[in-house]
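As structure tokens, the structure follows; a few thoughts come after it.
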Amino acid sequence: MYDKYSKKATEFIDDQEIRDTIAWAEENKGNLELINRIIDKTDELKGLSHREAALLLCCEDEHALKRIYEQATKIKQEFYGNRIVMFAPLYLSNYCVNGCTYCPYHAKNKHIPRKQLSQEEIRREVIALQDMGHKRLALETGEDPVNCPIEYVLESIKTIYSIKHKNGAIRRVNVNIAATTVENYRKLKEAGIGTYILFQETYNKEQYELLHPTGPKHNYDYHTEAMDRAMEGGIDDVGCGVLFGLNLYKYDFVGLLMHAEHLEAVHGVGPHTISVPRLRNADDIDASEFKNGISDELFQKIVAILRIAVPYTGLIVSTRESQKSREMVIKYGVSQISGGSRTSVGGYAEEEEEDSSQFEVSDRRTLDQVVNWLLRLGYIPSFCTACYRLGRTGDRFMSLVKQGEIKNCCLPNALMTLKEYAEDYASEDTYRLAIEMIKKEAQDIPNEQVRQTVLEHLHDMDGGMRDFRF
């Protein structure tokens with residue numbers, strides 16, 4: 001039975017409720033009166049239920065779809081403005097004991113080069129990332145209790161935070177590692193992580209178990225209940241996601257929203273971020289063998305509806321997506337993107353080995369090229385980590401977001417971190433665009449006292465000072 005307050009995976013992600021939701025949405029997709037009422041409801045900026053969102057996903061009426069995209073654009077602007085947060089993945093190890101059929105790190109792949117970074121190699125990777133201008137990382141590892149134990153991850157986090165190179169520093173480390181115990185989540189919290197990220201891959205239990213035939217990840221319930229254990233361990237910012245292409249997209253779309261509703265109901269805080277990766281080729285993985293791929297147009301629709309269904313949540317798209325695809329979804333809801341990414345172990349300090357990547361990167365531009373592109377599109381690339389460092393996490397962060405007050409911090413912090421990037425790392429053309437953007441946007445800060453303080457800090461940066469934040 002469906003129960004969003006339950007901590008049992010098969011109850012808060014109830015198969016029958018998902019199937020009933022999809023059937024109901026299909027049955028009512030021609031009910032334009034109901035669809036328009038749901039779209040009207042999004043003006044309240046309080047999100048939608050999984051059933052309401054599923055109906056919008058099934059909608060095919062051109063006028064209603066136009067309204068959905070208009071609302072997504074408006075809601076994104078209301079919560080996130082024109083800021084885009086930048087990050088990069090850092091792969092520590094590709095040793096893995098799981099048998100995931102869509103990932104080249106699976107245990108049966110005997111020809112992929114296996115590697116675990118030493119602390120000195122991590123240092124070189126982090127310096128390379130700092131020299132690009134990155135301030136926020138997402139750690140990635142395979143699941144292997146022998147070659148990549150929790151102690152190694154904790155030591156690596158400590159190493160990353162300790163590295164100060166020129167004006168560079170990693171200020172926030174998010175962690176994407178396998179589902180683990182409450183005790184280990186407490187250790188990650190004590191190590192100072194930002195967000196704990198774990199993709200569900202698919203919420204369909206039967207399909208999940210087929211895709212993960214061997215290894216600890218085969219356990220659907222343990223994996224799906226990981227966010228509850230993370231929050232019990234004190235981690236109040238968690239990030240969810242599914243890998244579109246593994247299963248029927250409507251099923252996973254509904255399951256993803258049910259997971260968000262569950263976290264909100266039980267812990268009072270929904271997901272800090274939602275990621276929407278699509279399946280890609282990699283080493284011995286041929287994405288075309290999976291018959292559930294989604295088109296760019298459908299991907300855009302999913303992002304837009306997620307934005308209006310969970311307006312408070314950051315939406316992430318990685319370099320799995322092309323420049324064209326990323327430009328499309330940024331408009332309708334995405335608020336965080338990676339730039340200059342490498343998806344192999346040790347890929348930043350040295351030339352990346354293509355056959356060691358976890359997936360094919362579609363957007364291979366440098367971070368500076370991505371920043372330049374965003375500026376030309378009218379967005380503010382933000383390297384801000386202030387909320388995490390000032391304790392605005394979990395319910396404290398969400399309350400500010402839902403009240404519409406977080407933007408009073410976000411715009412000043414975005415402009416000041418963009419100024420840091422421009423002064424220390426930008427090419428000549430990117431520097432020019434960044435300074436023009438900063439001058440323009442700084443004048444639009446509504447609070448006069450905040451505006452004057454920001455202008456003073458921007459001036460101080462010309463003299464070499466760094467790391468101002470609200």
(request) Could you check how many residues of the range 192-236 are β-branched (V, I, T) and under 16 Å from D15 (Cβ atoms)? (result) 2
(request) Give me a count of the residues in the range 226-258 that are modelled with pLDDT of 95 or more, in a loop (DSSP other than H, G, I, E, B) and buried (at least 19 other Cβ atoms within 10 Å of the Cβ). (result) 4
(message) Just to be sure before I move on: is G194 among the small types (G, A, S), surrounded by 20 or more Cβ atoms within 10 Å (Cβ to Cβ), touching a helix residue (DSSP H, G or I) at 6+ places or on another chain (Cβ under 8 Å) and within 28 Å of R19 (Cα to Cα) in the structure I sent?
(response) no
(request) Would you confirm whether any residue within the range 205-222 is modelled with pLDDT under 95 and under 22 Å from the mean Cα position of the chain (by Cα)? (result) no
(request) Looking only at the range 118-125, decide whether some residue is of a type in the set (A, V, I, L, M), assigned by TED's automatic domain parsing to the domain that holds M227 and touching a residue at least 40 places away in the same chain (Cβ under 8 Å). (result) no
(request) Grab the helices (runs of 4 or more DSSP H) fully contained in the range 9-104, keeping just those with 3 or more residues being at pLDDT 95 or above and exposed (fewer than 15 other Cβ atoms within 10 Å of the Cβ). (result) 15-28, 32-41, 62-80
(request) Please state which one of Y421, Y431 is over 30 Å from M227 (Cα atoms) and surrounded by fewer than 21 Cβ atoms within 10 Å (Cβ to Cβ). (result) Y431
(message) Between K166, K135, K115, which is under 30 Å from Q403 (Cα atoms), assigned by TED's automatic domain parsing to the domain that holds Y185 and touching a residue at least 60 places away in the same chain (Cβ under 8 Å)?
(response) K135
(request) Determine if the range 370-379 includes at least one residue that is modelled with pLDDT of 95 or more, in contact with a helix residue (DSSP H, G or I) (Cβ under 6 Å, 6 or more places away or on another chain), within 28 Å of S318 (Cβ to Cβ) and among the small types (G, A, S). (result) no
(request) Quickly run through the range 259-291 and pick out the residues that are surrounded by fewer than 16 Cβ atoms within 10 Å (Cβ to Cβ), on the phi < 0 side of the Ramachandran plot and not in a helix (DSSP H, G or I). (result) N281, D284, D286, K291
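The values are calculated or read from the model by the stated rules, or taken from the named source; none is laboratory data. Just so it is clear, the structure is predicted and the values come from calculations on it, not from any experiment. Using ideal geometry, Cβ is built from the backbone for each residue, glycine included, and neighbour counts are taken over all protein chains shown.
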